[in-house]
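The values are calculated or read from the model by the stated rules, or taken from the named source; none is laboratory data. In this text, all values refer to a predicted model and were calculated from it rather than measured experimentally. Positions of Cβ are generated from backbone atoms using ideal geometry, with glycine treated the same way; all protein chains shown enter the neighbour counts. All accessible areas refer to the heavy atoms of the entire protein, side chains included, with ligands and DNA or RNA removed. Shrake-Rupley method; radii C 1.70, N 1.55, O 1.52, S 1.80 Å.
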Amino acid sequence: AYAVQRVLRDAAGPLVGWKLGVTSRAKQAQVGVSSPVFGFLAGANALDMGEPLDTGPLIQPRCEPEIVFVLGRDLAGPHVTAADVIAASSGVAVGIEVLDSRYRDYKFTMADVVADNT
(Lines give C-alpha, C1' and ligand atoms only; values in the text may rest on other atoms or scores of the structure.)
Protein backbone atom coordinates (compact mmCIF):
# COMPACT_ATOMS: atom_id res chain seq x y z
CA ALA A 1 0.00 0.00 0.00
CA TYR A 2 2.86 2.39 0.77
CA ALA A 3 4.39 1.60 -2.64
CA VAL A 4 1.15 2.79 -4.27
CA GLN A 5 1.18 5.86 -2.04
CA ARG A 6 4.79 6.66 -3.09
CA VAL A 7 3.69 6.71 -6.75
CA LEU A 8 0.94 9.19 -5.83
CA ARG A 9 3.40 11.25 -3.78
CA ASP A 10 5.91 11.42 -6.64
CA ALA A 11 3.19 12.85 -8.88
CA ALA A 12 1.73 15.23 -6.27
CA GLY A 13 4.17 18.13 -6.63
CA PRO A 14 5.62 20.00 -3.66
CA LEU A 15 4.72 18.61 -0.24
CA VAL A 16 3.77 20.80 2.71
CA GLY A 17 3.44 18.14 5.36
CA TRP A 18 2.62 14.66 6.55
CA LYS A 19 -0.41 13.26 8.29
CA LEU A 20 -0.98 10.40 10.68
CA GLY A 21 -4.04 8.23 10.99
CA VAL A 22 -5.17 5.56 13.41
CA THR A 23 -3.17 7.19 16.21
CA SER A 24 -5.03 5.86 19.25
CA ARG A 25 -4.32 2.40 20.63
CA ALA A 26 -8.08 1.72 20.76
CA LYS A 27 -8.54 2.49 17.06
CA GLN A 28 -5.43 0.45 16.18
CA ALA A 29 -6.87 -2.55 18.03
CA GLN A 30 -10.24 -2.04 16.33
CA VAL A 31 -8.74 -2.13 12.81
CA GLY A 32 -5.97 -4.65 13.51
CA VAL A 33 -2.79 -2.57 13.24
CA SER A 34 -0.06 -1.95 15.80
CA SER A 35 1.04 1.55 14.81
CA PRO A 36 -0.30 4.68 13.15
CA VAL A 37 -0.46 4.90 9.37
CA PHE A 38 0.84 7.93 7.50
CA GLY A 39 0.20 9.90 4.36
CA PHE A 40 1.38 13.12 2.76
CA LEU A 41 -0.13 16.56 2.31
CA ALA A 42 0.56 18.04 -1.11
CA GLY A 43 0.70 21.80 -1.39
CA ALA A 44 -2.02 21.66 -4.03
CA ASN A 45 -4.39 20.18 -1.42
CA ALA A 46 -3.76 22.70 1.36
CA LEU A 47 -6.04 25.69 1.85
CA ASP A 48 -5.21 28.83 3.78
CA MET A 49 -7.56 30.10 6.47
CA GLY A 50 -10.63 31.63 4.86
CA GLU A 51 -9.95 30.19 1.41
CA PRO A 52 -13.11 28.54 0.02
CA LEU A 53 -13.26 24.78 -0.51
CA ASP A 54 -14.91 23.63 -3.72
CA THR A 55 -16.75 20.45 -2.70
CA GLY A 56 -18.11 19.87 -6.23
CA PRO A 57 -15.43 17.34 -7.25
CA LEU A 58 -15.64 15.46 -3.92
CA ILE A 59 -17.57 12.21 -3.59
CA GLN A 60 -18.39 11.86 0.13
CA PRO A 61 -16.71 14.77 1.95
CA ARG A 62 -16.40 14.73 5.72
CA CYS A 63 -14.34 16.88 8.07
CA GLU A 64 -12.21 16.03 11.09
CA PRO A 65 -10.43 18.37 13.50
CA GLU A 66 -6.67 17.92 13.54
CA ILE A 67 -3.68 18.98 15.61
CA VAL A 68 -1.01 20.51 13.36
CA PHE A 69 2.63 20.47 14.42
CA VAL A 70 4.67 23.13 12.64
CA LEU A 71 8.21 21.85 12.44
CA GLY A 72 11.18 24.13 12.90
CA ARG A 73 13.56 21.42 11.70
CA ASP A 74 13.31 18.19 9.76
CA LEU A 75 12.71 14.81 11.37
CA ALA A 76 14.02 11.61 9.82
CA GLY A 77 14.75 8.02 10.63
CA PRO A 78 12.91 4.94 11.77
CA HIS A 79 12.90 5.71 15.50
CA VAL A 80 11.50 9.24 15.84
CA THR A 81 9.79 9.60 19.20
CA ALA A 82 7.05 11.92 20.42
CA ALA A 83 9.73 13.81 22.38
CA ASP A 84 11.71 14.28 19.13
CA VAL A 85 8.61 15.74 17.44
CA ILE A 86 8.00 18.20 20.27
CA ALA A 87 11.67 19.24 20.32
CA ALA A 88 11.62 19.82 16.54
CA SER A 89 8.33 21.74 16.60
CA SER A 90 8.25 25.52 16.30
CA GLY A 91 4.51 25.71 16.92
CA VAL A 92 1.17 23.94 17.16
CA ALA A 93 -2.03 24.93 15.39
CA VAL A 94 -5.51 23.65 14.69
CA GLY A 95 -6.48 22.25 11.32
CA ILE A 96 -9.43 20.70 9.58
CA GLU A 97 -8.91 17.66 7.40
CA VAL A 98 -11.43 17.20 4.62
CA LEU A 99 -11.79 13.47 4.02
CA ASP A 100 -13.24 11.98 0.89
CA SER A 101 -13.79 8.38 -0.10
CA ARG A 102 -14.53 6.52 -3.28
CA TYR A 103 -15.53 3.50 -1.14
CA ARG A 104 -19.24 3.08 -0.53
CA ASP A 105 -20.22 3.96 3.06
CA TYR A 106 -16.55 4.51 3.94
CA LYS A 107 -16.01 0.72 4.13
CA PHE A 108 -12.42 -0.25 3.27
CA THR A 109 -9.37 -2.14 4.48
CA MET A 110 -6.33 -0.51 6.08
CA ALA A 111 -4.35 -1.31 2.92
CA ASP A 112 -6.99 0.62 0.95
CA VAL A 113 -6.62 3.57 3.32
CA VAL A 114 -2.83 3.69 3.06
CA ALA A 115 -2.78 3.24 -0.74
CA ASP A 116 -5.34 6.05 -0.98
CA ASN A 117 -3.01 8.34 1.04
CA THR A 118 -4.52 7.76 4.46
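General observations
- Extension gain, residue 35 to residue 9, is 7.2 nm, computed as 0.36 nm per intervening residue step minus the present C-alpha separation.
- With the simple model of a label 7 Å out from the Cα in the direction of the Cβ, residue 16 to residue 54 spans 1.6 nm.
- With 0.36 nm allotted per residue and the present C-alpha distance subtracted, the residue 23-residue 79 stretch has 18.5 nm of extension available.
- By average C-beta atoms within 10 angstrom, highest first, the peptides 17-26, 77-86: 17-26, 77-86
- Our coupling estimate for segment 42-53, obtained by passing each phi through the Karplus curve with A = 6.51, B = -1.76, C = 1.60 and θ = phi - 60°, is 7, x, 5, 9, 9, 10, 7, 3, x, 6, x, 9 Hz, Gly and Pro reported as x.
- Paramagnetic reach from residue 67 (point 7 Å along Cα→Cβ, amide N under 18 Å) across segment 2-23: 18-23
- Carbon plus sulfur fraction of accessible area for segment 13-118, probe 1.4 Å, in percent: 58
- The Cα center of segment 1-33 and the Cα center of segment 43-118 differ in position by 9 Å.
- Per-residue ³J(HN,Hα) for segment 113-118, Karplus 6.51 cos²θ - 1.76 cosθ + 1.60, θ = phi - 60°, Hz, x for Gly and Pro: 4, 5, 4, 8, 6, 6
- Cβ crowding within 10 Å averaged over residues, with 103-111, 52-60 ranked highest first: 103-111, 52-60
- Cα gyration tensor shape for segment 28-118, rounded if a/c is under 1.5, else prolate or oblate: oblate
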